[in-house]
Amino acid sequence: MTANSLVLTGSLLRVRRFKSPAGIPHCVVQLEHRSQRFEADLPRNVYCQIQAIMSGQHFECITDKLQAGMEIQVTGFLSTQQSRSGQSRLVLHAENVELKS
């Protein structure tokens, strides 16, 4: 098996909850990350936005609390998702979520 794991902290820009036709609860959030890291001994400002998906009943107790502006930490794996227009984008599928604020 190859490694595919990511831990990212950020602020929620958007939160959308829905159930699949099979009744599985999903919560899709837009996560905005800002930090500063060192690369080649120089400070680098880091910024990204990524969609994170939380699927399943075990996330319902936390997703009910999520609102835009909150800070969370998501641990999960990356995968591509194809939009209706045919464009692929990178998505973070959550395995664990913690409220930070």
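Just so it is clear, none of the values below were taken in a lab; they were calculated from the coordinates. Just so we're clear, the structure is a prediction, and the values are computed from it rather than from any experiment. Glycine also receives a Cβ, built like all others from the backbone with ideal geometry; neighbour counts cover every protein chain displayed.
For residue 47, the conditions (1) in contact with a Lys or Arg (Cβ under 6 Å, 6 or more places away or on another chain); (2) among the hydroxyl-bearing types (Ser, Thr, Tyr); (3) touching a residue at least 60 places away in the same chain (Cβ under 8 Å) are fulfilled apart from (3).
Beta carbons closer than 9 Å, at least 6 apart along the sequence or on distinct chains, pair a first residue in the range 1-17 that is touching a residue at least 12 places away in the same chain (Cβ under 8 Å) with a second that is exposed (fewer than 14 other Cβ atoms within 10 Å of the Cβ) and of a type in the set (Phe, Trp, Tyr) for 4/77; 5/77; 6/77. Based on this model, can you work out whether residue 71 counts as surrounded by 10 or more Cβ atoms within 10 Å (Cβ to Cβ), free of Cβ contacts under 8 Å to residues at least 24 places away in the same chain and under 14 Å from the mean Cα position of the chain (by Cα)? So residue 71 fails the test.
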